[in-house]
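Colleague: Let me begin by handing over the structure; questions about it come next.
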Amino acid sequence: MSEAAATSHAQRATSNGAKPWYREPWPWILMAGPAAVIVAGAITIWLAVSSSDGLVADDYYKRGLAINQELRRDQAALNLGISAGIEARGGVLRVRLSWGQSNVSGQLGGTARLSDGKVARTPSAVTPSAAPEALFAQLVHATRAGHDQRLRLPRVAPGIYETGLPALPAGRWRIVVEDPRGEWRIVKEGL
């Protein structure tokens, strides 16, 4: 095409009011949707790769195997009639143990007869006079294991254990109170 023909073509395009495609708004409007989806997908992939999921345990199989042991310790606290009242006020965590009605009768040398008639091996008896010198409390955050804390609570009075409570992030908390030997435990929801 000669230079005169190209000039003539450009003059006809402008005299008709037609613009080149990239000067029209509609092609850009139609391309904006797919472009936004591509950008959003790239951001989603980046977030998925760069952040970790605190809800998934790396050792889920081992934790699953330990569930029966934990259930036995929960049942041991019930059998011994141990209950706990938990208060968190003024930067102090207080656990008040009480030895209420037990469903164990006749403890003889590490065995006990349960109220349903079965004989079971139980941990050593815990009475107010034989209470441990300290308890351990594990504060477990519902979704972020990085916030979990383990505290030692020394006995300050018969049946009362206290320690300083560090500032805790907002969220739902579970507290697990256990004896130093790991024979029984009590689990409470919320602080």
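Colleague: Can you compute 3J(HN,Hα) from phi for each residue in the stretch 167-179, using the Karplus curve 6.51 cos²θ - 1.76 cosθ + 1.60 with θ = phi - 60°, rounded to whole Hz and x for Gly and Pro?
Modeller: 4, 10, x, 4, x, 8, 10, 10, 10, 10, 9, 9, 7
Colleague: Right, something else. From the backbone phi of the stretch 27-43, what are the Karplus-calculated ³J(HN,Hα) couplings (6.51 cos²θ - 1.76 cosθ + 1.60, θ = phi - 60°) in whole Hz, Gly and Pro given as x?
Modeller: Coupling constants for the stretch 27-43: x, 5, 5, 5, 7, 5, x, x, 5, 5, 5, 5, 5, 5, x, 5, 5 Hz.
Colleague: Return the FRET efficiency for the residue pair ALA167, GLN75: r is the Cβ-Cβ distance, R0 is 41 Å, and the value is rounded to the nearest 0.05.
Modeller: My answer for the efficiency is 0.75.
Colleague: What is the extension gain from SER83 to TRP26, computed as 0.36 nm multiplied by their sequence separation minus the C-alpha to C-alpha distance, in nm to one decimal?
Modeller: Going from the current span to full extension adds 13.4 nm.
Values in this text are rule-based calculations from the coordinates and carry no lab data. In this text, all values refer to a predicted model and were calculated from it rather than measured experimentally. All Cβ positions, glycine included, derive from the backbone under ideal geometry; neighbour counts span all protein chains shown.
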